[in-house]
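The values are calculated or read from the model by the stated rules, or taken from the named source; none is laboratory data. These numbers were taken from a predicted model, which means no experiment stands behind them. Methodologically, a virtual Cβ is constructed for each residue, glycine included, from the backbone with ideal geometry; neighbour enumeration extends over all protein chains shown.
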Amino acid sequence: MLDIKSLHKKYPSGPVALRGVDLTVHEGDLIALIGPSGAGKSTLIRCINRLVEPSSGQILMQGTDICQLNSGALRKARKKIGMIFQEYALVERLSVMENVLSGRLGYVSFYASLTRKFPRADITEALRLLDRVGLSDYIDTRADQLSGGQRQRVGICRALLQQPDFLLIDEPTASLDPKTSREIMRLITELVQERNIAAIINIHEVTLAEMYSKRVVGLKDGQIVYDQAAGGLTNEALTLIYGEEDWEANKTDSDDALHEEVI
Ligand SMILES: Nc1ncnc2c1ncn2[C@@H]1O[C@H](COP(=O)(O)OP(=O)(O)OP(=O)(O)O)[C@@H](O)[C@H]1O
């Protein structure tokens, strides 16, 4: 469903962030994108919906090259590409329900969006999603009164209310504790499977990548150096992606300790 071909990105005031990325994503794929800091993970994710403008290459979403779309067509294409952010990107002074419903802004009329009058079906679906993620008791709570985990659940509901075919997820657990990180990853995994949505998750924690994705893609210096089914990350693969390190040293079962080791 997504075919990225020879994607390059050079920031005008900065480095070459992507150097010829080729990646095919199939329907229902759940890809964890890992790699060292500065490898280009966020840039790749953001090029797919053109939050970052690619320098060259193709991004074929169901056959249509996203890179060639004019602003109107891009707006339309973006409706089908949901995004979940590290810092949640909620409107702090709005309620949980209002934040979730903002996922439908691209679908309702300009007047409806101005007056925030959403169709009954959107409200019903928002309530259903909030119930699914355990936030039924918080629909009127302001976003700024939520914990990090609750905020990310709101971000997930907002993205899903958009009814996307594809989800871009940028470091969803970066600001969360290890237990909440697992809960959020489990939730994302369940929801994308229930809805047969393809997703790319930019994630730093290798353990979480292996536990919750179907496929792991390793990016290094703007190039894909690893692409395998999850569960097969050897020490050699870790070295290929991150560079030389004694991956066995001080290994424990704790996510925390492993996190410290790998990052
Ligand atoms: N807006 C920007 N302007 C200039 N350079 C940028 C910009 N955004 C990212 N870069 C640079 O592009 C390269 C890739 O950055 P990117 O954020 O995509 O990497 P990353 O793998 O997501 O890193 P991290 O895991 O630390 O978030 C880095 O060298 C970074 O400094």
Check your understanding: In this structure, does residue 197 turn out to be surrounded by 21 or more Cβ atoms within 10 Å (Cβ to Cβ), closer than 22 Å to residue 77 by Cα and away from the ligand (no atom under 16 Å from the Cβ)?
Key -> yes
Check your understanding: Within region 145-180, can you find the residues that are within 16 Å of the ligand (Cβ to nearest atom) and touching a residue at least 40 places away in the same chain (Cβ under 8 Å)?
Key -> 168, 169, 170, 171, 172, 174, 175
Point to revise | Filter pass, residue 39 being part of a loop (DSSP other than H, G, I, E, B) and in contact with a strand residue (DSSP E or B) (Cβ under 6 Å, 6 or more places away or on another chain) | key: yes
Review point. Of these, 20, 57, which one is modelled with pLDDT of 95 or more, over 20 Å from residue 202 (Cα atoms) and surrounded by fewer than 20 Cβ atoms within 10 Å (Cβ to Cβ)?
Key: 57
Practice item. Please list, ordered by first then second residue, the pairs with beta carbon atoms under 8 Å, 6 or more apart or interchain, first in region 14-31 and farther than 14 Å from residue 60 by Cβ, second within 15 Å of the ligand (Cβ to nearest atom) and among the charged types (D, E, K, R). Key: 16/9; 16/10; 17/9; 17/10; 18/9; 19/221
Check your understanding: Does region 57-79 hold any residues that are of a type outside the set (A, V, I, L, M, F, W, C) and within 16 Å of the ligand (Cβ to nearest atom), and which are they?
Key -> 57
Practice item. Any residue in region 211-224 that's touching a residue at least 24 places away in the same chain (Cβ under 8 Å): show its pairings with residues that are crowded, with 18+ Cβ neighbours inside 10 Å and in a loop (DSSP other than H, G, I, E, B) at Cβ separation under 6 Å, as long as the two are six or more apart or on different chains. Key: 218/35; 219/35; 219/39; 219/40; 220/35; 220/39; 222/40
**Study point:** Verdict on residue 184 being surrounded by 21 or more Cβ atoms within 10 Å (Cβ to Cβ) and without any contact (Cβ under 8 Å) to a residue 60 or more places away in the chain
**Key:** yes
Review point. Looking only at region 23-47, which residues are near the ligand (Cβ under 9 Å from one of its atoms), at positive phi and surrounded by fewer than 17 Cβ atoms within 10 Å (Cβ to Cβ)?
Key: 38
Check your understanding: Do you know which of the residues in region 209-234 that are among the hydrophobic types (A, V, I, L, M, F, W, C) and within 14 Å of the ligand (Cβ to nearest atom) is nearest to residue 41 (Cα to Cα)?
Key -> 219
**Study point:** Matching entry among 52, 100 (being more than 16 Å from the ligand (Cβ to nearest atom), modelled with pLDDT of 90 or more and either in a helix (DSSP H, G or I) or closer than 30 Å to residue 225 by Cβ (or both))
**Key:** 100
Review point. So, in region 51-108, of the ones that are among the small types (Gly, Ala, Ser) and in contact (Cβ under 8 Å) with a residue 60 or more places away in the chain, which residue ends up nearest to residue 127 (Cα to Cα)?
Key: 82
Point to revise | Options 180, 173; residue that is part of a helix (DSSP H, G or I) and of a type in the set (Val, Ile, Thr) | key: 180
Exercise for review: For region 9-22, name all the residues that are within 12 Å of the ligand (Cβ to nearest atom) and more than 25 Å from residue 185 (Cβ to Cβ).
Suggested key: 9, 10, 11, 12, 13, 14, 15, 16, 17, 18, 19
